[in-house]
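The values are calculated or read from the model by the stated rules, or taken from the named source; none is laboratory data. This structure is a prediction, so every number in the text was calculated from the model and none was measured. Positions of Cβ are backbone-derived with ideal geometry, glycine not excepted, and every protein chain shown enters the neighbour counts.
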Amino acid sequence: MIIFEGDSFKIRELEETDAEPLFTNYHSCPVSARYVSTRVHIDTDQTLQAIRRWRMHYRKENPSLLVYGITTEHTDEPVGVLVLVWQTDHAEIHFGLSSACSGKGLATKVCSAGLKLLHSKGVRDVRTQPYIGHKASIRVLKKCSFVDHGRLKQHAPFPALGDGLFDCADMRLQLEPANTGSSCRTENSNRC
């Protein structure tokens, strides 16, 4: 099921048949997983098991987690994921894309679409905590009106960076009826 359709991408529910392309395009790539808090998947079966877990949340009335696939206008194969997490007093947004899609404006569009989805579900307080050194992600979040609230010391693991916990930027956004994330600015209209 398509959740959101933009001019050059779609956000949709993942299917079990997406395991191989999602593994190939995103979950097996050390470059794409550099700033992800989970390890690179070692095989397609690991991605398939993850998709099966994520799919269980799609039909829940009040899911605490939704993981969607991101596809481009060129293919219906997923090139990344959008992750929405509901906490007690706020929601979190996370997104990751294939390294082939980096620097082409897609992350900003996906973030904006994710904010619209959260807003449509009544969310007002959105947070995310990217690795403090992931400048591109922080830049995308600022384009989407997130405000940097400082540094979270030893906050999250990033296995590709090493053992232990790493510092993260505390990025927050208050959504109001007039601010649904649609004001994200894109500087590059190229498509991956």
Go through segment 136-150 and count every residue that is of a type outside the set (V, I, T) and assigned to a helix (DSSP H, G or I).
-> 6
Those residues of segment 106-130 which are at pLDDT 95 or above and outside any helix (DSSP H, G or I) amount to V123, R124, D125, V126, R127, T128, Q129, P130
The listed residue being in contact (Cβ under 8 Å) with a residue 60 or more places away in the chain, farther than 23 Å from I138 by Cα and either surrounded by 20 or more Cβ atoms within 10 Å (Cβ to Cβ) or not hydrophobic (A, V, I, L, M, F, W, C) (or both), out of H119, H74 | H74
Among the candidates V67, V79, which residue alone is within 23 Å of A169 (Cβ to Cβ), at pLDDT 90 or above and under 12 Å from the mean Cα position of the chain (by Cα)?
-> V67
Go through (1) farther than 20 Å from T24 by Cβ; (2) of a type in the set (A, V, I, L, M); (3) not in a loop (DSSP other than H, G, I, E, B) one by one and return the number of the condition A100 breaks.
-> (1)
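What about G133, is it at positive phi and part of a loop (DSSP other than H, G, I, E, B)?
no
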Being loosely packed, with under 14 Cβ neighbours inside 10 Å and either touching an Asp or Glu at 6+ places or on another chain (Cβ under 8 Å) or in contact (Cβ under 8 Å) with a residue 60 or more places away in the chain (or both) is the filter; apply it to segment 8-38 and report the residue that is farthest from T71 (Cα to Cα).
-> T38
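What number of residues within segment 26-58 are part of a helix (DSSP H, G or I) and either at pLDDT 85 or above or of a type in the set (F, W, Y) (or both)?
13
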Conditions (1) in contact with a Ser or Thr (Cβ under 9 Å, 6 or more places away or on another chain); (2) of a type in the set (S, T, Y); (3) assigned to a helix (DSSP H, G or I) -> T17 fails only (1)
Pairs with Cβ under 7 Å, 6+ apart, first in segment 39-60 and over 12 Å from E20 (Cα atoms), second surrounded by 13 or more Cβ atoms within 10 Å (Cβ to Cβ) and of a type in the set (D, E) | Y58/E13
Can you confirm whether segment 160-171 contains a residue that is modelled with pLDDT under 95, in contact with an Asp or Glu (Cβ under 9 Å, 6 or more places away or on another chain) and either more than 18 Å from E13 (Cβ to Cβ) or outside any loop (DSSP other than H, G, I, E, B) (or both)?
-> no
Can we say S137 is touching a helix residue (DSSP H, G or I) at 6+ places or on another chain (Cβ under 9 Å), hydroxyl-bearing (S, T, Y) and farther than 17 Å from S32 by Cβ?
-> no
Residue ID - farthest from D167 (Cα to Cα), chosen from residues in segment 39-57 that are hydrophobic (A, V, I, L, M, F, W, C) and surrounded by fewer than 16 Cβ atoms within 10 Å (Cβ to Cβ) | M56
